[in-house]
Amino acid sequence: MDPIVFLYFLIALLVALTVHEASHALVAYYLGDPTAKMNGRLTLNPIRHLDAVGSLVFLITMRIGWGKPVPINPSNFRHPVRDSALTALAGPASNFILAFAVVMPIKYVGPHMPTPLLAILWSIFDISIILGVFNLFPLPPLDGSKILGLLVPRRLYNRYAWYLRDSMKYFVAIILIDVFILPFLFGFSVFIYLIGFLHGKISMLLLLGT
């Protein structure tokens, strides 16, 4: 990859990831849980939000990645299940809002922008959508696994809690198999296909809807 293009990608990744994780912390604090704030996560400092493995996977795949999970204590919420899900939803939602925010100047004043700025905005647009979509998959520790809690019947909640706790250790293995082994064997990655498909649909919707 061209070093300049990689620099634009890196800047966009830091912006999208920081907005994502800081939004978790902000919503959790608003809903009554100060845990993230006390752990220094209610900040726009990207260093506080980087996860070593998640960042490395994103740099390698350019499609899949995650930040350091924001710590929350559901017992601080008035409605633990609902508020945990809302806190989780805040991350992907912030990425889609960010994508919407940057597509406006791209669409209406893009031709008049300096080329580097336009390239960075396009990168933020693409990575925000990718990050938002990927984190909606219902696999721990991704946000989708916590949003799923809103749909789980109360009688099954203990099993759901086990799923959140014990399935996390399989997550990286699933990702690595899907991204690196399946394409080698079959020429196909399920995650990258789904993310690419949804990215295309959401990009078109945002570009046509602004």
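General observations
- Against the conditions (1) surrounded by 19 or more Cβ atoms within 10 Å (Cβ to Cβ); (2) touching an Asp or Glu at 6+ places or on another chain (Cβ under 9 Å), Phe125 satisfies every one except (2).
- Given (1) out of contact with any Gly (no Cβ under 6 Å at 6 or more places or on another chain); (2) touching a residue at least 12 places away in the same chain (Cβ under 8 Å), number of the condition Leu17 does not satisfy: (1)
- Picking from residues in segment 131-179 that are touching a helix residue (DSSP H, G or I) at 6+ places or on another chain (Cβ under 6 Å) and among the β-branched types (Val, Ile, Thr), the one that is modelled with the lowest pLDDT is Val179.
- Residues in segment 158-175 that are in contact (Cβ under 8 Å) with a residue 40 or more places away in the chain and either over 16 Å from Pro69 (Cα atoms) or not in a helix (DSSP H, G or I) (or both): 1 in all.
- Pro105 part of a helix (DSSP H, G or I) and under 20 Å from Ser55 (Cβ atoms): no
- Flag for Pro141 being more than 25 Å from Val70 (Cα to Cα) and not aliphatic (A, V, I, L, M): no
- In segment 71-88, the residues that are surrounded by 16 or more Cβ atoms within 10 Å (Cβ to Cβ) and touching a residue at least 60 places away in the same chain (Cβ under 8 Å): Val81, Ser84, Ala85, Thr87, Ala88
- Residues in segment 52-70 that are in contact with an Asp or Glu (Cβ under 9 Å, 6 or more places away or on another chain) and without any contact (Cβ under 8 Å) to a residue 60 or more places away in the chain: Gly67, Lys68, Val70.
- Failed item in (1) of a type in the set (Asp, Glu); (2) surrounded by 12 or more Cβ atoms within 10 Å (Cβ to Cβ); (3) within 30 Å of Pro74 (Cα to Cα), with Asp166 passing the rest: (2)
- Given (1) of a type in the set (A, V, I, L, M, F, W, C); (2) under 23 Å from Leu139 (Cα atoms); (3) touching a Gly at 6+ places or on another chain (Cβ under 9 Å), number of the condition Phe100 does not satisfy: (2)
- Where helices (runs of 4 or more DSSP H) fall wholly inside segment 1-95, the ranges with 1 or more residues that are of a type outside the set (A, V, I, L, M) and at pLDDT 95 or above are 3-30, 35-38.
- Some residue of segment 186-194 being in a helix (DSSP H, G or I), in contact with a Ser or Thr (Cβ under 9 Å, 6 or more places away or on another chain), β-branched (Val, Ile, Thr) and touching a residue at least 12 places away in the same chain (Cβ under 8 Å): yes
The values are calculated or read from the model by the stated rules, or taken from the named source; none is laboratory data. Bear in mind that the values here come from a model prediction, so they are computed numbers and not experimental data. Neighbour counts are summed over all protein chains in view; Cβ atoms, including those assigned to glycine, are modelled from backbone coordinates with ideal geometry.
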